[in-house]
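The values are calculated or read from the model by the stated rules, or taken from the named source; none is laboratory data. In this text the structure is predicted, and so the values were computed from the model without any measurement. Positions of Cβ are backbone-derived with ideal geometry, glycine not excepted, and every protein chain shown enters the neighbour counts. Ligands, DNA and RNA are excluded from the accessible area calculation, which covers all protein heavy atoms including side chains. Shrake-Rupley method; radii C 1.70, N 1.55, O 1.52, S 1.80 Å.
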Amino acid sequence: MIYNLKMTQINGQKEELEIRLKEFCFQVIQLIKSLPKTEENIVFGKQIIRSSSSIGANYAEAIYGQTKQEFLHCLSICRKEANETLYWLDMILKTNPRFAENIISLLDENKQILKIFISSVKTTRKGIENGQ
């Protein structure tokens with residue numbers, strides 16, 4: 001019974017994070033749509049849409065990984081893409097300061113997502129090293 005409860009909690013957390021990552025990507029897309037269509041915004045927009053959508057796509061792949069190594073690899077990609085998204089948000093903020101209010105809230109969410117994946121990678125790596 002405890003095992004089933006634990007699995008339900010884990011599955012609920014996975015679904016919650018999946019939803020959060022999708023929502024973050026949609027918010028990034030909405031930001032990009034609202035920016036002036038300057039050359040730099042077009043370039044930054046394409047980059048950030050790729051990186052922000054890649055976080056969720058790689059997480060979806062991770063949760064169905066067949067091995068712990070595959071799971072770790074996908075989580076590591078999530079971490080990398082979250083860090084790249086942070087870079088593009090910062091570039092967009094610097095070139096579009098009048099959109100600071102919207103961008104700062106995305107930066108905050110992005111930092112929280114990055115922390116989740118940094119922690120998950122560390123925890124998973126330790127588990128693999130300890131034979132779990």
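Close contacts from region 111-131, counting a first residue that is over 18 Å from A82 (Cα atoms) and of a type outside the set (S, T, N, Q) and a second that is open to solvent by less than 90 Å² (accessible area, probe 1.4 Å) and in a helix (DSSP H, G or I), with Cβ to Cβ under 8 Å and a gap of 6+ residues or different chains, come to R125/L72; I128/L72. So E84 ticks every box in (1) in contact with an Asp or Glu (Cβ under 9 Å, 6 or more places away or on another chain); (2) under 19 Å from E23 (Cα atoms); (3) not basic (K, R) but one. Which box is left unticked? Against the list (1) in contact with an Asp or Glu (Cβ under 9 Å, 6 or more places away or on another chain); (2) under 19 Å from E23 (Cα atoms); (3) not basic (K, R), E84 comes up short only on (1).
Residues in region 84-107 that are within 22 Å of A60 (Cα to Cα) and among the charged types (D, E, K, R): E84 alone. Within region 63-120, being among the β-branched types (V, I, T) and farther than 16 Å from I48 by Cβ holds for I63, T67, I77, I116, I118.
Among the residues of region 39-72, what is the count of those that are more than 22 Å from I19 (Cβ to Cβ) and either of a type in the set (D, E, K, R) or touching a helix residue (DSSP H, G or I) at 6+ places or on another chain (Cβ under 8 Å) (or both)? Talk me through it step by step, then tell me what you get.
The initial filter retains those residues of region 39-72 that are more than 22 Å from I19 (Cβ to Cβ), namely 39-47, 66-70, 72.
Applying the additional criterion that residues be either of a type in the set (D, E, K, R) or touching a helix residue (DSSP H, G or I) at 6+ places or on another chain (Cβ under 8 Å) (or both) yields 39-41, 44-47, 68-70, 72.
Residues that pass the stated criteria total 11.
Residues in region 65-76: is at least one open to solvent by 80 Å² or more (accessible area, probe 1.4 Å) and touching a residue at least 40 places away in the same chain (Cβ under 8 Å)? For region 65-76, residues open to solvent by 80 Å² or more (accessible area, probe 1.4 Å) and touching a residue at least 40 places away in the same chain (Cβ under 8 Å): present. The residues in region 30-59 that are surrounded by 15 or more Cβ atoms within 10 Å (Cβ to Cβ) and part of a helix (DSSP H, G or I) can be counted, and the count is 17. Just one of the listed residues (I128, I103, I113, I92) is in a helix (DSSP H, G or I), of a type in the set (A, V, I, L, M) and surrounded by fewer than 15 Cβ atoms within 10 Å (Cβ to Cβ), namely I128.
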